[in-house]
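Colleague: Below you will find the structure I want to go over with you.
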2 protein chains.
Amino acid sequence: MPILRLALAQTNPRLGDFSHNSLHIVNTVRYAFDHGADLVAFGEMVLTGYPIEDLATRPDFLKESWAVLQRVAKDIADAGAGSIPVLVGFPHGPVDDVEHSAHSPSAIAYNSVAVLQDGRVIGIYNKHHLPNYSVFDEYRIFRPGHDAVVVHVAGADIALAICEDIWREGGPVAAIAEVKPSLLLVMNGSPFEREKDEVRLPLVQRRAEQVNAPVVYLNIVGGQDDLVFDGGSFVTNSSGKLLARAHQFVEQTLVMDIDLKESSSHGAQLGPGVAVIDAGYGHPQRLSRTPVHAEIAPQLEINEQIWDALVLGMRDYVEKNGFSSVILGLSGGIDSAVCAALAVDAIGPERVYGVSMPSRYSSDHSRSDADDLAERLGIHIRTESIADLVLPVEQQLHLEGISAENLQARIRGIILMGLSNAEGHLVLTTGNKTEIAVGYSTIYGDSVGGFAPIRDVPKTLVWELAQWRNAHARKKGLTPPIPENSITKPPSAELRPGQVDQDTLPDYDVLDAILDAYITERVGRDVIIARGFEPNMVDRVITLVDRAEWKRRQGAIGPKISQMAFGRDRRLPVTFTRN
Amino acid sequence: MPILRLALAQTNPRLGDFSHNSLHIVNTVRYAFDHGADLVAFGEMVLTGYPIEDLATRPDFLKESWAVLQRVAKDIADAGAGSIPVLVGFPHGPVDDVEHSAHSPSAIAYNSVAVLQDGRVIGIYNKHHLPNYSVFDEYRIFRPGHDAVVVHVAGADIALAICEDIWREGGPVAAIAEVKPSLLLVMNGSPFEREKDEVRLPLVQRRAEQVNAPVVYLNIVGGQDDLVFDGGSFVTNSSGKLLARAHQFVEQTLVMDIDLKESSSHGAQLGPGVAVIDAGYGHPQRLSRTPVHAEIAPQLEINEQIWDALVLGMRDYVEKNGFSSVILGLSGGIDSAVCAALAVDAIGPERVYGVSMPSRYSSDHSRSDADDLAERLGIHIRTESIADLVLPVEQQLHLEGISAENLQARIRGIILMGLSNAEGHLVLTTGNKTEIAVGYSTIYGDSVGGFAPIRDVPKTLVWELAQWRNAHARKKGLTPPIPENSITKPPSAELRPGQVDQDTLPDYDVLDAILDAYITERVGRDVIIARGFEPNMVDRVITLVDRAEWKRRQGAIGPKISQMAFGRDRRLPVTFTRN
């Protein structure tokens, strides 16, 4: 029974940044080699970042990617680590062959993993199953692969798969089982969703039993626009028992020894449609090294997972776009308080700028709660009253009623964008999923901004997260970051005297339950009513959602934490007059 | 040789508006029946409108659609026209079967055509090929069909296909050729693109020769968000000769007699995978009616096609979203002049409101050209000076340089949105494709608005269209709508004294040529340089485009007239740090 030392690199690639990604790959391989690894594996598409969307359809991008891949292979060899196989995800193209016309004319690449050794590419596996639902558009931009690939190293057979390949029944796993691999290695670019880790483990356990071998589930980590890849890579044995798990939301190279069954290929070919790649004898010191034991990182509770996903999503959006700081309006309400707390956890208080923008309708507590928040968080705060800026516009245009309410929100938007332009901050827009879903916001007003931290967080969950975050601080003996008053007071936009959200909207408990059914579950009116909601209420909410499409399309993106976020805004038509 | 009278209904469905669409279908069938038709055909997905995007993944929507289809069949019979077959495009689902797991889990419907007769659905054809490139996402939301369908009527065999089915080599056309149909009837939802009609006709001619039968290419018409379906339905004989053509950009029911070869099925089954639907003897008075001859509508020259597409796109966006009027800023420049002229052609001058918003930097001609334009077009115009509104913000926030320039554009945005809220106008944003591509605009400033008439029109084409529209007016002895001075003066944003676009941007001729190569053709740096452009210039433009992604994502949609519009904003990742 060969004992293989795996180095599973859970890295955070930067999209399109070849120099960062290739340097990071080479350094990680060097680290793994120094720790005696027989094989180093990275996640899906680590060379380019993921998802690359229509960049995959550009021949120049694909050619550059291929050139970079060759250079990475050489750099690894030059660093003295060329003798072990290294598995790197990349887009493989451009290809042009007879299959072309049968598929999307823009798909000229495969979603692939290259096996690097001795300074060159010694084999390539092309992903078979291309997800084209939810946030995935892979059938649009990639072609499906057909062959199985086994990497023969140090007496073991490592079968390869990429992400969706193992989610489909009747996928390549059946073919892989027939070659009796020593290990199934699955490279993933699998974004975070609430409770998704409760789906991944049982799936992998089932596949382990199917192929009768241990399975490595290797994920990338990091925020990429509206997606957050949560890492949490893990390994099970052939009966599905958990052998190792990496932390969620951080970069980590998991090094572990694993006891594998003998190769059945012995480095020779196994049959049609299965490529066996002979990748040598493993690490040169493999017989003399000290054994290492794998870590099993503890699982985070769900609110901590969500909080960390939101933090990572923001941090990476800020860093990957090169912003030094963020700015946001502080109303004293719960949404801006949670966004500010997330920002502090993401990039530190000295890079967070709050602006209190009181109007003639603002309550005293809106200012005092904002000040309290800023003090608790240690962030910058300034006050820019909007009264003298609103009045001239209101008078010149004779605005009143809702038009005048919207004007206040838009003047606030102008202030934030002006300060952003002058001082270089990224503007955070603080709308939550509930208000975005029903259009309870001012377009070009409070919806202004480049990043929306809680865009996919329903209002009821905003409160829950605030309470969780405060409790988390208390547990550590620290000051709870969010003022209690911001959590307990009735939510209000404060655009006219005495206004509260529930003048216009149903109770948030009811509203969020209906929204969850209609948007996330995608069930219709009758099903929702059958669950006990009032027909009038259901109709009212559905009408609000259907009419808010345009506002949603104009808003900024944010980290995605559920099956159906509004990140894919164009997925519902705008002129949709269903009654 | 049976002579069949076809009624080809080139209609403009409203997305999701079942009551409008079904009434329109029934009325059109009634009209066709009164004109002696043996068969009535409608375009792709006319029951729901097209494209329905993720509505196709909602079981409640699909069930409603099926119920409406049955009611339409009954209503046609009740109107006394039930004896002739009627072909209606609709989404066919929800289905749940063994195939499910092999495809997108959200795809629970087919893209189908129903054959209605005698008050019920007597047959269904499911589209085989699901386009999933460019603006199409059909593989995401539909399942592929597998069987061929032949409608046997009045002694002829009518084979069915839907749109993409005939664009793929090796598609169902080969199977159709084997059944030796009398006619191939193709229902389409085919959006307008520059010069697309020069592709459609040769394609259909090739298919006619392949199946050795006449081919009907039936399209829908109308604007739907960023798509414009141009109609232009046509019929060729079996050698590809054009027999009939409908007008572009208008609803029309083309009634024509066509001489067809005898059925080979004789109403019996033709083999596995081919369903023959017996649809009777045609119109009850078919033997006594007076022959009709088909019209061949003249082809429009390319600039007229583009102009009409932009006009239809705007008209339908305004009407389908229920707006009574539009409002736009009039700067005296070419972009706002062309947008205003388009608006007048779309909905008439009395529904168009112009606002001149001079600043302290505005030239005299910016006001006089705006006034001249308004007078030529007969639209409403008012002046709202921004000087007194900009100053308080500028002073309170200490804005200068580009921040102050952006502020001016944002105050103009606030004025337009305020008037929109107060008076109910749809705001038009007047940015052209060139400035959107390179980000030469102020986010939440001049990019504010619900509809962007020239979003997909490069600057050089804006000038060309202006000249074409003026010449078109002159030819008819009418006043040219666009002031000559707006066409000839150097373009300027007028945000600081003496500013012109070419302070910041390359000459528009060069810029548009590079953009066309990079964006539409999707070729890379080296290829563009090889065409003779300066390397520094090419790098500068590519960098501008890559960095402008975020601004584009925030903008409004507009009619699409080329292969790669920015309508699909999410198709390029935002954090894309390629160097």
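Colleague: State all residues of the stretch A:7-23 that are in a strand (DSSP E or B) and either within 12 Å of chain B (Cβ to nearest Cβ) or small (Gly, Ala, Ser) (or both); if no residue qualifies, say none.
Modeller: Restricting attention to the stretch A:7-23, the residues satisfying the condition of being in a strand (DSSP E or B) are A:7-10.
Hits for the stretch A:7-23 are A:7, A:9.
Colleague: Something else about it: Given the structure, is residue A:104 in contact with a Phe, Trp or Tyr (Cβ under 6 Å, 6 or more places away or on another chain), in the same structural domain as residue A:160 (by TED's automatic domain parsing) and not in a strand (DSSP E or B)?
Modeller: Answer is yes for this residue.
Colleague: Considering A:461, A:478, which residue is assigned by TED's automatic domain parsing to the domain that holds residue A:376, part of a loop (DSSP other than H, G, I, E, B) and aliphatic (A, V, I, L, M)?
Modeller: Step by step, each of A:461, A:478 is checked, and only A:478 is assigned by TED's automatic domain parsing to the domain that holds residue A:376, part of a loop (DSSP other than H, G, I, E, B) and aliphatic (A, V, I, L, M).
Colleague: May I pose another question? Is it fair to say residue B:271 is in contact with a Lys or Arg (Cβ under 6 Å, 6 or more places away or on another chain) and either open to solvent by 20 Å² or more (accessible area, probe 1.4 Å) or not assigned by TED's automatic domain parsing to the domain that holds residue B:10 (or both)? Walk me through how you get there before you give the answer.
Modeller: Details: in contact with a Lys or Arg (Cβ under 6 Å, 6 or more places away or on another chain): no; either open to solvent by 20 Å² or more (accessible area, probe 1.4 Å) or not assigned by TED's automatic domain parsing to the domain that holds residue B:10 (or both): yes.
Judged against the criteria, residue B:271 is not a match.
Colleague: Go through (1) within 20 Å of residue A:272 (Cα to Cα); (2) β-branched (Val, Ile, Thr); (3) in a loop (DSSP other than H, G, I, E, B) one by one and return the number of the condition residue A:122 breaks.
Modeller: It is condition (3) that residue A:122 fails.
Colleague: Restricting attention to the stretch A:16-50, which residues are open to solvent by 10 Å² or more (accessible area, probe 1.4 Å) and among the charged types (D, E, K, R)?
Modeller: A:17, A:30, A:34
Colleague: Spot the failing condition for residue A:173; the list is (1) part of a loop (DSSP other than H, G, I, E, B); (2) open to solvent by less than 10 Å² (accessible area, probe 1.4 Å); (3) within 14 Å of chain B (Cβ to nearest Cβ), and only one is missed.
Modeller: (1)
Colleague: Filter the stretch B:52-80 down to the residues that are acidic (Asp, Glu) and without any contact (Cβ under 8 Å) to a residue 60 or more places away in the chain, then identify the one that is farthest from the other protein chains (Cβ to nearest Cβ). It would help to see each step written out before you state the result.
Modeller: Step one: list which residues in the stretch B:52-80 are acidic (Asp, Glu), which gives B:53-54, B:60, B:64, B:75, B:78.
Now drop any that are not without any contact (Cβ under 8 Å) to a residue 60 or more places away in the chain, which leaves B:60, B:64, B:75, B:78.
Numbers: B:60: 2, B:64: 8, B:75: 18, B:78: 22 Å.
Only one residue tops the list, namely B:78.
Colleague: Within the bounds of the stretch A:4-15, is there any residue that is free of Cβ contacts under 8 Å to residues at least 60 places away in the same chain, in the same structural domain as residue A:86 (by TED's automatic domain parsing) and open to solvent by 10 Å² or more (accessible area, probe 1.4 Å)?
Modeller: Checking the stretch A:4-15: not a single residue is free of Cβ contacts under 8 Å to residues at least 60 places away in the same chain, in the same structural domain as residue A:86 (by TED's automatic domain parsing) and open to solvent by 10 Å² or more (accessible area, probe 1.4 Å).
Colleague: With respect to residue B:84, determine if the residue is more than 14 Å from chain A (Cβ to nearest Cβ), in a helix (DSSP H, G or I) and surrounded by 24 or more Cβ atoms within 10 Å (Cβ to Cβ).
Modeller: Taking the combined requirement at face value, the residue does not satisfy it.
Colleague: Still on this structure: Within the stretch A:376-391, track down each residue that is out of contact with any Pro (no Cβ under 9 Å at 6 or more places or on another chain) and either surrounded by fewer than 19 Cβ atoms within 10 Å (Cβ to Cβ) or more than 11 Å from chain B (Cβ to nearest Cβ) (or both). It would help to see each step written out before you state the result.
Modeller: Here is the first cut: in the stretch A:376-391, the ones out of contact with any Pro (no Cβ under 9 Å at 6 or more places or on another chain) are A:381-382, A:390.
Hits for the stretch A:376-391 are A:381, A:382.
Colleague: For the stretch B:503-530, enumerate the residues that are more than 14 Å from chain A (Cβ to nearest Cβ), in contact with a helix residue (DSSP H, G or I) (Cβ under 7 Å, 6 or more places away or on another chain) and not in a helix (DSSP H, G or I).
Modeller: Once the filter is applied, which keeps residues that are more than 14 Å from chain A (Cβ to nearest Cβ), in contact with a helix residue (DSSP H, G or I) (Cβ under 7 Å, 6 or more places away or on another chain) and not in a helix (DSSP H, G or I), the stretch B:503-530 yields B:505, B:506.
Colleague: Output the residues belonging to the stretch A:424-447 that are outside any loop (DSSP other than H, G, I, E, B), touching a Leu at 6+ places or on another chain (Cβ under 9 Å) and of a type outside the set (Ser, Thr, Tyr).
Modeller: A:427, A:428, A:433, A:435, A:437, A:438
Colleague: Something else about it: Hey, can you tell me all the residues within the stretch B:402-425 that are open to solvent by 20 Å² or more (accessible area, probe 1.4 Å), within 17 Å of residue B:441 (Cβ to Cβ) and more than 7 Å from every other protein chain (Cβ to nearest Cβ)?
Modeller: B:405, B:412
Colleague: Report yes if residue A:119 is farther than 16 Å from residue A:84 by Cα and either away from chain B (no Cβ under 14 Å) or not hydroxyl-bearing (Ser, Thr, Tyr) (or both), otherwise no.
Modeller: So residue A:119 fails the test.
Colleague: A follow-up question, please. Consider residue B:68 carefully, then state whether it is within 24 Å of residue B:110 (Cα to Cα), open to solvent by less than 10 Å² (accessible area, probe 1.4 Å), assigned to a loop (DSSP other than H, G, I, E, B) and out of contact with any Cys (no Cβ under 6 Å at 6 or more places or on another chain). Full working, then the answer.
Modeller: Numbers: within 24 Å of residue B:110 (Cα to Cα): yes; open to solvent by less than 10 Å² (accessible area, probe 1.4 Å): yes; assigned to a loop (DSSP other than H, G, I, E, B): no; out of contact with any Cys (no Cβ under 6 Å at 6 or more places or on another chain): yes.
When the stated conditions are applied, residue B:68 does not pass them.
Colleague: May I pose another question? On the given criteria, is residue A:579 open to solvent by 50 Å² or more (accessible area, probe 1.4 Å) and at pLDDT 90 or above?
Modeller: Numbers: open to solvent by 50 Å² or more (accessible area, probe 1.4 Å): yes; at pLDDT 90 or above: no.
No; evaluated as a whole, the condition is false for this residue.
Colleague: Checking the condition within 30 Å of the chain's Cα centre (by Cα) and modelled with pLDDT under 95, which residue from B:311, B:318, B:352 passes?
Modeller: On the way: B:311 fails: modelled with pLDDT under 95; B:352 fails: modelled with pLDDT under 95.
The match here is B:318.
Colleague: Here is a further query. Of the numbered conditions (1) touching an Asp or Glu at 6+ places or on another chain (Cβ under 6 Å); (2) modelled with pLDDT under 90, residue A:520 satisfies every one except a single condition; which is it?
Modeller: Residue A:520 satisfies every listed condition except (1).
Colleague: Here is a further query. Does at least one position in the stretch A:434-450 carry a residue that is more than 10 Å from chain B (Cβ to nearest Cβ), open to solvent by 10 Å² or more (accessible area, probe 1.4 Å), among the β-branched types (Val, Ile, Thr) and touching a Pro at 6+ places or on another chain (Cβ under 7 Å)?
Modeller: no
Colleague: Oh, and also: Suppose we keep only residues that are within 14 Å of chain A (Cβ to nearest Cβ) and in a loop (DSSP other than H, G, I, E, B) within the stretch B:306-358. Which one would you say is surrounded by the most Cβ atoms within 10 Å (Cβ to Cβ)?
Modeller: In this case the residue turns out to be B:357.
Colleague: Moving to a separate point now. Right, residue B:217: at pLDDT 90 or above, open to solvent by 20 Å² or more (accessible area, probe 1.4 Å) and in contact with a strand residue (DSSP E or B) (Cβ under 8 Å, 6 or more places away or on another chain) or not? Break it down into steps so the answer makes sense when it comes.
Modeller: On the way: at pLDDT 90 or above: yes; open to solvent by 20 Å² or more (accessible area, probe 1.4 Å): no; in contact with a strand residue (DSSP E or B) (Cβ under 8 Å, 6 or more places away or on another chain): yes.
So residue B:217 fails the test.
The values are calculated or read from the model by the stated rules, or taken from the named source; none is laboratory data. On a predicted model such as this, the values are computed, not experimentally measured, just so you know. Every residue, glycine among them, receives a Cβ derived from its backbone with ideal geometry; neighbour counts consider all protein chains shown. To get the accessible areas, we keep the full protein, side chains included, count just its heavy atoms, and leave off ligands, DNA and RNA. Shrake-Rupley method; radii C 1.70, N 1.55, O 1.52, S 1.80 Å.
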